[in-house]
1. If a residue has to be part of a helix (DSSP H, G or I), surrounded by fewer than 23 Cβ atoms within 10 Å (Cβ to Cβ) and more than 10 Å from chain A (Cβ to nearest Cβ) to count, how many in the range B:150-169 make the cut?
2. When the range B:89-108 is examined, which residues are found to be surrounded by 20 or more Cβ atoms within 10 Å (Cβ to Cβ) and closer than 19 Å to residue B:142 by Cβ?
3. Considering only residues that are in contact (Cβ under 8 Å) with a residue 60 or more places away in the chain and surrounded by fewer than 21 Cβ atoms within 10 Å (Cβ to Cβ), which ones fall in the range B:170-185?
4. Can you name the residue in the range A:125-148 that is at pLDDT below 90 and surrounded by fewer than 19 Cβ atoms within 10 Å (Cβ to Cβ) and is also nearest to the other protein chains (Cβ to nearest Cβ) among such residues?
5. Looking for something in a helix (DSSP H, G or I), under 24 Å from residue B:145 (Cα atoms) and without any contact (Cβ under 8 Å) to a residue 12 or more places away in the chain - is there at least one such residue anywhere in the range A:92-101?
6. Just to be sure I understand, how many residues within the range B:137-193 are within 24 Å of residue B:120 (Cα to Cα) and in contact with a helix residue (DSSP H, G or I) (Cβ under 8 Å, 6 or more places away or on another chain)?
């Protein structure tokens, strides 16, 4: 009612005015809405960097265990596959690696062309849920490895490899939990607004 | 510019019109903003119920371990304090119990009088961060207890108590992770809007 009166008088399209008002609810969301492209890159870039770190760390974590595979002639008897806890660590690291590489690929694709892989809405929901899940899996596998490391023979190669793997796995968890905050921010922004 | 022209013509206060427009950015946030009191209770009530469940479960989890204290004449030799992993479980359960009771108390106080304890903003930030932290601690302590349970004598009273405690601790983790989603929703709603 107000808009239609004013639009005709002021010579400004009422539709444009009302849509502008709808897009700019507060100073906060104004900066998000109208300067979308200048605001998006920092979070987007931070996300890509975090995904890259998660990719590298999870790869190193899995590699430090797999490097002691039974194929090596020098260590034929002992392997991480003998311990189900280390197998769990290894599988979680591999899953994190696959997930991080997918997210990194998607992040790089999105900078080139927005939403090329899957729609933004599905992406936000799945990212948040999978980030939470991967974070819980990582902290769970790291924690589960600690008592096994404590009760192992403390001089073996596997002992050192397990400590390195668990430590890096914990660092990966910290990176993924930061990713969770970012993807949570993106998701809840979508739900609310 | 548009508002000042239109306000004078339409006889409606420009301040009122613009503030109305600022408060109603979209159909979604309109329902949150204008019907705040009719919208708040479901989430608020769900939060109180979840906090209550977390309180009960964490108490039972701690109790099932503490029930085997060395004071009992029948089990003088074995205690959960001999295992650092179970001590960790116990401490995390106690912390979860204290945190849940505080959150439950705050939730009940808030229904009577809003923001009586601490300001809403500090509450939202601290709730989300502490929920995440407690969730990670719970999954970590549950996971750490599993290898110890596997390597224990499988007939003792402590073995049964540890299994009960770990299972309930995992259920508490599920409840707390749901709380994290709710407090994340509340926090990001505040940040964005």
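The values are calculated or read from the model by the stated rules, or taken from the named source; none is laboratory data. Computed from a predicted model, the values in this text were never measured in an experiment. A quick note on method: Cβ atoms are made from the backbone with ideal geometry, for glycine too, and the neighbour counts reach across all protein chains shown.
1. So in the range B:150-169, the residues part of a helix (DSSP H, G or I) come out as B:150, B:157-169.
Among the residues that remain, those that are also surrounded by fewer than 23 Cβ atoms within 10 Å (Cβ to Cβ) are: B:150, B:157-161, B:163-164, B:167-168.
Those still in the list that are more than 10 Å from chain A (Cβ to nearest Cβ) too: B:157-161, B:163-164, B:167-168.
Summing the residues that are part of a helix (DSSP H, G or I), surrounded by fewer than 23 Cβ atoms within 10 Å (Cβ to Cβ) and more than 10 Å from chain A (Cβ to nearest Cβ) in the range B:150-169 gives 9.
2. B:89, B:90, B:92, B:93, B:96, B:97, B:99, B:100
3. B:171, B:178, B:182, B:185 - these are the residues of the range B:170-185 that are in contact (Cβ under 8 Å) with a residue 60 or more places away in the chain and surrounded by fewer than 21 Cβ atoms within 10 Å (Cβ to Cβ).
4. Selected residue: A:129.
5. Within the range A:92-101, the first condition is being in a helix (DSSP H, G or I), and the residues that meet it are A:92-101.
Keeping just the survivors that are under 24 Å from residue B:145 (Cα atoms) gives A:92-96.
Those left that are additionally without any contact (Cβ under 8 Å) to a residue 12 or more places away in the chain: none.
No; the residues of the range A:92-101 include none that is in a helix (DSSP H, G or I), under 24 Å from residue B:145 (Cα atoms) and without any contact (Cβ under 8 Å) to a residue 12 or more places away in the chain.
6. Restricting attention to the range B:137-193, the residues satisfying the condition of being within 24 Å of residue B:120 (Cα to Cα) are B:175-193.
Then keep just the ones that are in contact with a helix residue (DSSP H, G or I) (Cβ under 8 Å, 6 or more places away or on another chain); that gives B:175-180, B:182-193.
Adding up the residues that qualify gives 18.
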